[in-house]
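The values are calculated or read from the model by the stated rules, or taken from the named source; none is laboratory data. Worth saying up front: this structure is predicted, and the values here are computed from it rather than measured. Cβ coordinates were reconstructed from backbone atoms using ideal geometry, including for glycine residues, and neighbour counts include every protein chain displayed. All accessible areas refer to the heavy atoms of the entire protein, side chains included, with ligands and DNA or RNA removed. Shrake-Rupley method; radii C 1.70, N 1.55, O 1.52, S 1.80 Å.
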Amino acid sequence: MRVAEVMTRDVRLIEPNQTIRDAARLMAEMDAGIMPVREGDRLVGMITDRDIAVRAVAQGRGPDTPVREVMTDEVKYCYEDDDTNDVARNMADIQVRRLPVLTREKRLVGIISLGDLAVTDEARRAGEAVAG
């Protein structure tokens, strides 16, 4: 099975100069814990609810802190035509629960999560990724 068949396509993005308040508000609206960060048409990072809590709030930073200051700028990703078996294995190896999904032209088209894998016949692989 290919990533494109199970990924979540409705992805909202945020810019690095927006605030962590903006990011938290968007995450709450989407009921999501992660957002890709874009600058122009490039994916430049990811911000998670954990980044906001640990890298901002725990360090005394305010809600007007720019996303750029707390985001993860080393982005791991997969391609929409990758095999879900390989992606699940990779997610276990690098210990992540979600990956942005790109086209071969490096355009963001979705996000794949362990939850996306779990609602398919790939549930066993999602379990392996969690165990990893």
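Scan the stretch 13-53 for residues that are under 19 Å from Glu74 (Cα atoms) and charged (D, E, K, R) and jot them down. Matches in the stretch 13-53: Glu15, Arg38, Glu39, Asp41, Arg42, Asp49, Arg50, Asp51. Can you tell me which residue is surrounded by the fewest Cβ atoms within 10 Å (Cβ to Cβ) among those in the stretch 101-113 that are under 14 Å from the mean Cα position of the chain (by Cα) and among the β-branched types (Val, Ile, Thr)? So the residue we want is Val109.
To keep it simple, each residue is scored yes or no on (1) touching a Pro at 6+ places or on another chain (Cβ under 9 Å); (2) part of a strand (DSSP E or B); (3) surrounded by 13 or more Cβ atoms within 10 Å (Cβ to Cβ).
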residue	(1), (2), (3)
Pro16	yes, no, yes
Ala24	yes, no, yes
Arg61	no, no, yes
Arg68	yes, no, yes
Ala88	no, no, yes
Leu99	no, yes, yes
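Once the stretch 46-59 is narrowed to residues that are in contact with a helix residue (DSSP H, G or I) (Cβ under 9 Å, 6 or more places away or on another chain) and either hydrophobic (A, V, I, L, M, F, W, C) or open to solvent by 40 Å² or more (accessible area, probe 1.4 Å) (or both), the residue that is farthest from Arg2 (Cα to Cα) is Val57. Looking only at the stretch 70-86, which residues are assigned to a helix (DSSP H, G or I) and among the charged types (D, E, K, R)? Within the stretch 70-86, Asp86 is the sole residue that qualifies. Looking only at residues in the stretch 26-41 that are open to solvent by 20 Å² or more (accessible area, probe 1.4 Å) and without any contact (Cβ under 8 Å) to a residue 24 or more places away in the chain, which one is nearest to the chain's Cα centre (by Cα)? Across the stretch 26-41, the extreme among qualifying residues is Ala32.
Can Asp116 be described as surrounded by 15 or more Cβ atoms within 10 Å (Cβ to Cβ), out of contact with any helix residue (DSSP H, G or I) (no Cβ under 7 Å at 6 or more places or on another chain), at pLDDT 85 or above and among the charged types (D, E, K, R)? When the stated conditions are applied, Asp116 passes them. With respect to Val67, is the statement that it is hydrophobic (A, V, I, L, M, F, W, C), within 12 Å of Ile112 (Cα to Cα) and over 12 Å from the mean Cα position of the chain (by Cα) true? The answer is no for Val67.
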